[in-house]
Amino acid sequence: MTSYDKIILKYYPRETLRYRIYMPHCRAVTELALKIARLHPELGADLEKLELGGMLHDIGIYLTDSPDFGCFGELPYIMHGFKGRQLLEKEGLKETALVCERHIGVGITLKDIEERNLPLPKRDMTPQTIEEKLICYTDKFYSKSATNLMLPKPLDKIKRSISKHGQDKWKIFEGMIEMFGTDLVYD
């Protein structure tokens, strides 16, 4: 059992729907991130950090009101990254905790938080490290829908979803596409 398995099982018991959604989603995100990192060694991604971050990036979802995922917390979904950071910091994983907070959308800026009055701490929550950027990027390709967990979303669907938050957000994602490519997503 890996170190992340112990943490996951603490909050996502095997017999629950939330486990059956969480694990395939996180595996798909992690596997794609690792494939991209291996194909592009010039990025200098740390594969161990990438795997840990990928498998734990959504750890805070169980605290949210997301019944479709088997999560019956009281918090809005947008808070899962911030709460995941708090949880992993308590587990002693401060660096990995930042992946949780910084993978939402294409990252959430302080300006986003203030202008939209989001229920988040007032600070920049955009991905900074290559590992954070890779998890943020690959997460957009995989849904948490029980029927489509392992199938990558079509790019036009991702564009519609991201563009709802502004064309500037789509431009950020286009930059990620340029950096990481989509060849491995749809092969």
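The values are calculated or read from the model by the stated rules, or taken from the named source; none is laboratory data. Values in this document were obtained by computation on a predicted structure and should not be read as measured data. Here the Cβ positions follow ideal geometry from the backbone for every residue, glycine too, while neighbour counts run over all protein chains shown.
Listed values, structure above:
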{"read-out": "Filter pass, residue 60 being touching an Asp or Glu at 6+ places or on another chain (Cβ under 6 Å), under 26 Å from residue 163 (Cα atoms) and either assigned to a helix (DSSP H, G or I) or at pLDDT 95 or above (or both)", "value": "no"}
{"read-out": "Cβ-Cβ under 7 Å pairs, at least 6 apart or on other chains, the stretch 58-74 side more than 21 Å from residue 29 (Cβ to Cβ), far side modelled with pLDDT under 95 and surrounded by 12 or more Cβ atoms within 10 Å (Cβ to Cβ)", "value": "none"}
{"read-out": "Matching residues, the stretch 99-129, being in a helix (DSSP H, G or I) and over 11 Å from the mean Cα position of the chain (by Cα)", "value": "110, 111, 112, 113, 114, 115"}
{"read-out": "Residues of the stretch 3-52 that turn out to be of a type in the set (Lys, Arg) and more than 23 Å from residue 186 (Cβ to Cβ), as a count", "value": "6"}
{"read-out": "Among the candidates 127, 154, residue that is at pLDDT below 95 and under 25 Å from residue 38 (Cβ atoms)", "value": "154"}
{"read-out": "All positions within the stretch 6-36 that are part of a helix (DSSP H, G or I), among the charged types (D, E, K, R) and more than 30 Å from residue 183 (Cβ to Cβ)", "value": "6, 10, 18"}
{"read-out": "Members of the stretch 37-57 found to be assigned to a loop (DSSP other than H, G, I, E, B) and of a type outside the set (A, V, I, L, M, F, W, C), listed by number", "value": "40, 44, 46, 57"}
{"read-out": "Search result, residues across the stretch 138-180 that are in a loop (DSSP other than H, G, I, E, B) and of a type in the set (Ser, Thr, Tyr)", "value": "142, 143, 145, 147"}
